[in-house]
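What follows is calculated from the coordinates using simple rules that are stated; it is not laboratory data. Source: prediction; values computed, not measured. Cβ sites come from the backbone with ideal geometry, for glycine too, and all protein chains shown count toward neighbours.
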Amino acid sequence: MADERLDKLHALYPESKKITAIVEFVDIAGLVKNAHKGEGLGNQFLSNVRNVDVILEVVRVFRNTDIEHVEKSVDPKRDIGIIRSELILSDLELIRKRKERVAKEKRGLGKEKEAAEIEWDILEVFENKLNNEEWLCPLPGLPDKLVPYARDIIKNFSLLTTKPILYVLNGAGPEEAAALGLEEANYVIVDAKLEKEMNDISSEERDELELKSQLDNLVRHSYDLLGLLTFFTSGDKETRAWETKRGAPAPQAAGVIHSDFEKNFISANVISWEKLLEAGSWKKARELGQIRREGKEYVMQEGDVVEFLIGK
């Protein structure tokens with residue numbers, strides 16, 4: 001992912017290797033009406049979607065009679081509704097099958113019966129929400145004691161409707177996007193045809209024509225939905241951007257670099273990327289007293305530049 005902060009930090013150590021943070025996008029074939037019944041790629045498609053953390057739904061808004069639409073007409077609101085319904089119906093079927101098994105477990109004894117009753121109550125809440133065409137992301141209101149169990153169910157069955165969705169409006173103008181009634185935080189506008197054309201010309205030509213890719217914007221929105229932040233390591237050998245969950249303590253962030261780093265974490269030397277740029281080097285920042293020594297309880301912040309101290 002392009003990040004000007006990484007570029008500026010790398011300029012402090014131009015001989016070092018520069019490595020960007022990576023967000024992996026998986027291209028999955030389109031979904032059609034009645035996919036939950038096996039239409040199109042059906043269950044194969046839905047199985048692939050269950051493996052992702054965020055759903056990016058590419059919605060056709062552009063009109064071009066040379067490119068046929070599977071529904072024979074361009075109607076983005078209809079298309080959004082179709083996919084939403086298919087994901088809901090797929091989860092409802094999964095919940096129905098799970099309830100059949102849990103109903104038998106409820107007739108058991110002891111802890112098995114107790115666990116089955118808890119799961120049944122959660123599945124009932126999920127089912128009622130979905131029957132009302134409500135998404136399960138964010139997690140529906142549940143008593144605090146049921147939340148950990150609900151998270152286990154979501155993790156074990158990868159319910160599609162618990163995943164956040166980012167709509168990628170292909171070829172939309174601002175008015176067309178607004179007409180869909182989506183919250184601005186939940187969509188990005190991308191012109192796939194223009195992106196392809198920009199990929200075929202030099203950066204100088206893009207600057208001359210004042211063309212700007214929206215793909216970085218797409219990645220940043222995805223980052224937000226994933227709940228990620230970026231921190232950096234910077235030095236003579238490597239200048240690198242890393243990703244970790246927002247709210248992650250320093251040892252967990254260290255574990256992103258290597259699992260042993262989390263286990264053997266001692267402390268972290270931390271400075272914001274802006275402060276490091278102002279100082280010009282780690283050495284100068286240390287002389288100025290701008291490097292902070294943080295312990296295991298430190299919560300990582302966006303743009304931190306870190307040097308982890310690891311024991312054996």
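Annotations
- Using the Karplus relation 6.51 cos²θ - 1.76 cosθ + 1.60 with θ = phi - 60°, the per-residue 3J(HN,Hα) values for region 153-163 come to 4, 4, 5, 5, 10, 6, 4, 5, 7, 9, 9 Hz, with x marking Gly and Pro.
- Neighbourhood charge, 11 Å Cβ-Cβ cut-off, centred on residue 108 and excluding it, Lys, Arg +1 and Asp, Glu -1: +1
- As a calculated quantity, the FRET efficiency between residue 69 and residue 146 at R0 = 45 Å, using C-beta atoms, amounts to about 0.55.
- Among the trypsin sites (Lys or Arg not before Pro) within region 55-123, those in coil by DSSP and having at most 13 neighbouring Cβ atoms inside 10 Å are 63, 72, 107.
- Qualifying GluC sites (Glu not before Pro) in region 145-222, where qualification requires a DSSP coil assignment and no more than 12 other C-beta atoms within 10 Å, comprise 183, 210.
- In terms of surrounding Cβ atoms within a 10 Å radius of their Cβ, 53, 27 rank from fewest to most as 27, 53.
- Once the C-beta distance of residue 23 and residue 104 is scaled by a Förster radius of 51 Å, the resulting FRET efficiency is 0.75 to the nearest 0.05.
- In sequence order, region 248-263 has phi-based couplings of 6, x, 3, x, 5, 5, 4, x, 5, 6, 7, 4, 5, 5, 5, 5 Hz under the Karplus curve 6.51 cos²θ - 1.76 cosθ + 1.60, θ = phi - 60°, and Gly or Pro positions carry x.
- For the pair region 81-97 and region 184-236, the centres of their Cα atoms are 32 angstrom apart.
- Neighbourhood charge, 10 Å Cβ-Cβ cut-off, centred on residue 19 and excluding it, Lys, Arg +1 and Asp, Glu -1: +2
- For the chain, the calculated P(r) over all alpha carbon pairs, in 20 Å bins from 0 to the bin holding the longest distance, is 25, 47, 27, 2 percent.
- When each of 99/155; 18/193; 263/283; 237/296; 8/283; 8/275 is checked by Cα-Cα distance, pairs over 19 Å: 18/193; 263/283; 237/296
- Straight-line reach from residue 106: taking Cα to Cα under 21 Å and skipping same-chain neighbours fewer than 8 places apart, the lysines in range are 97, 145.
- MRE, 222 nm, helices only [DSSP H, n ≥ 4, -39500 (n - 2.57), over the chain, to nearest 500]: -13000 deg cm²/dmol
- Local charge for residue 254 was computed over the other residues whose Cβ lies under 14 Å away, with Lys and Arg +1 and Asp and Glu -1, and equals -3.
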